[in-house]
Amino acid sequence: MLSLETYRARFGPIAVSVLALAAAAGALLVLLPEEWQRIIVAAVAWAAGLAIAIYLARRATAREQARVAELETAEARHRALLDGLPLVTWMTAPGNRAETLYVSPGIADLSGYSPAEWAEQPDLHERLLHPDDKERVLHELEQAGDTPTSIDYRLLARDGRAVWVREDSATVRDLSGEPVYVQTFLRDIGDLKRGEDRRELLEVAEREAASESAERRSRLDLLRRVGGDIASSAELDGALGRVADLVVVDLADWCVIDVVDESNELRRVAAARGALIKPNGARSPADDPEAEVRAVFESGRTRILPNLDERSTGTRVPFLDNLDARSVISVPLQARKQQLGVLTLARTEQGPAYSADEVAFAEDLASRLALALDRARLYREVEERSDAAWVLEHVADGVLLLDRNGLVRLWNPAAEAITFIPAGDVVGKAAADTIPGWKASVETVPVSASPNPGHDEVLIPIETSRGERWIAISGVRFFGGTVYAFRDLTDTRRLEEIKADFIATASHELRTPLAAVYGAAQTLLRHDFALDETGRERFVSLIADESERLGRIVNEILLANQLDAGRLDLESEPFDAHDLVERVVEATRMHAPPSVTLDVEPSNNLSPVAADADKVRQVVVNLVENAIKYSPDGGRVEVGVEEQDSSIRFHVRDQGLGVAPEDQERIFEKFYRADPQMVRGVGGTGLGLYICKELIDRMGGRIWVEPNGDQGSNFVFDLPTAEVMAHGEPRRPRLQLGN
């Protein structure tokens, strides 16, 4: 600590006065004749000397006290200035950092240790240095000596946190140049470091997104080239060989295609090799399909080696004869539930195993090849057989045959089923007059001169008695007219629209918190203006809240994927349903808007529930948050549990927007949102209620929604009690809709 200098009183004037008085008194004592006179003079002299001495001593004392008070005031101001700084001030003895002279109270917030502990433990600072930074920091301090230093490092706080600090040290010297103390400022730079880390993560994500985008463009270009090659080829085997040559450029070291021939035997029609670093001599796959390939063909299921959930060790995968493959994808070629062949991709070079994205791409490519094979077979049969009516009776695609005058000569049952137009209403009549929308759309339908597979098709709408239908249609021109084949893609289009809505919604839901996090991080990183502590806390809180929101959205998507893949494990153990509900409501109240009131309906003596408590809590949280989200004008949200026979019934009632009757049956579907355009201003991914239903179903329960009187909704789900689960099977889960 800083100490006041002790000053000595100046007694020089006192000594001079006493000597002068003594000299005068001595002279009088010599000159006065009488003894009593000399006694009086001596007494007066001594009294005067004493009075002078007392006066001078008091004056010197007063000056000393004023000087001490001035020094104390200056030191108090100095300490107040140091304590008020937004950082920690630490003063140590010159050349000895273990001797603490003073440390400001802010050290307690920074490290968790009080100033007294900091002063009493000489090696505390060295002990708190992070193990990864300790050697570097001590070396830099030793090298610096008395010169000013600035070092960034981490301290381990009392609670175990790693706190990033910036140390700025300088030696304070007196007028003579001698060191008085070393003054060190410690500043918490954790927010700055976290901002830098987030920026690096964003940059990495941007680079990965760019790389993924380039890869996707390359794959799409490959599909385009494959489709173009198949469409322009008159000979299918040669086209498949060229497809294999295209595939090995980017996706595989070997591409093998096996196709069913006219005798229904699987034969190898193409085997292409990429530019290998180690071509393994002259070895190539066998001329006939291997047993593993035939197994894929017979099972109709994709085979991946090694499995996606296994880590590649680089060892040989026994699949294709004569090849030391390290990763293999074998996909069946299927069309209209018929097995048409097998597409096999293999990597023989060192490198990563096939990923899920590459498997999806291979399956897409296989579906296109299968469609090309299927169409080639279909058109060949139509052209070669004069009596093809019996074949067309069973084909899944609609077939329309027009003569040169535009009259309908053939309208198969599939065409009737797709358009709901009986054959008797169109056969023998002009298509433009009998098929709604045909006249406006026929010019856009691509027509090929040959039935080779892979030519373009167009998606057009047609009006039917049961509403609008979307069909994918293409045509082939021959000497007697034109034959059109079309498929009903209404459900596929609807699914694509739902997916598009989900992607748009998810993008919006993700972009909003990402923009908030990025904006707050950029603001914290700016140096052109200073933020006070309140401002910094507000931006850090914003980043934390929006990051939590991002985490919830990503977790919903991941959980939905786990449910679809059947990879979610559920545990069943008894728990108190009322206690779970109370905990959920208490936690939700912390961030619920003031306009919404959350209440728990009392319930006593409930039987324990036998289910996965964590997943049940997730369902209740989702329903409660939905009730708040869909109550934009506020209101009351009631959460309760009650015992119903051999089950426990949970309910969440709100006074919000409610669910329309036409939406009650569909809101538990994946990606479905009652308000996809967010007209009512309520966002979401459309996965929450789907996850709730899947979880409740898998725990042996049931879930449904019903109106809450005239306003709001009531979401209800039942779960079996522990006694029921212990003595018998739970009842079969089903979806129930309220009236």
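Throughout, read-outs are computed from the coordinates displayed, never taken from laboratory work. As the structure is a prediction and not an experimental result, all values here were calculated from the model. Glycine gets a Cβ as well: all are built from the backbone with ideal geometry, and neighbour counts include every protein chain shown.
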**Report entry** Around residue 123: net Lys/Arg minus Asp/Glu count, Cβ-Cβ under 13 Å
**Finding:** -1
**Report entry** Burial order of peptide ranges 621-634, 93-106 (average beta-carbon count within 10 Å, highest first)
**Finding:** 621-634, 93-106
**Report entry** Burial order of peptide ranges 413-426, 250-263, 596-609 (average beta-carbon count within 10 Å, highest first)
**Finding:** 250-263, 413-426, 596-609
Query raised in the report: Using the 10 angstrom Cβ neighbour count as an exposure proxy, how do 302, 492 rank, fewest first?
Result: 492, 302
Requested in this report: Rank by packing, highest mean first: peptides 157-168, 58-69, with packing defined as the count of other Cβ atoms within 10 Å averaged across residues.
Outcome: 157-168, 58-69
Report task. Pairs to check: 499/693; 193/670; 337/439; 193/629. Give those whose C-alpha atoms are more than 31 Å from each other in this structure. Result -> 193/670; 337/439; 193/629
Report summary line: In the neighbourhood of residue 636 defined by beta carbon distances under 12 Å, the net charge of the other residues (Lys, Arg +1; Asp, Glu -1) is -4
Query raised in the report: If you project the alpha carbons of segment 385-488 onto the principal axes, what extent comes out on each, in Å, largest first?
Result: 33, 26, 26
Requested in this report: Sum up the charges of everything whose Cβ sits under 13 Å from the Cβ of residue 535, counting Lys and Arg as +1 and Asp and Glu as -1, but leave residue 535 out.
Outcome: -1
Query raised in the report: residue 287 versus residue 359, label points 7 Å from Cα toward the beta carbon: distance in nm?
Result: 3.5 nm
Query - Computed lengthening from residue 530 to residue 723, 0.36 nm per intervening residue step minus Cα-Cα distance - result: 63.2 nm
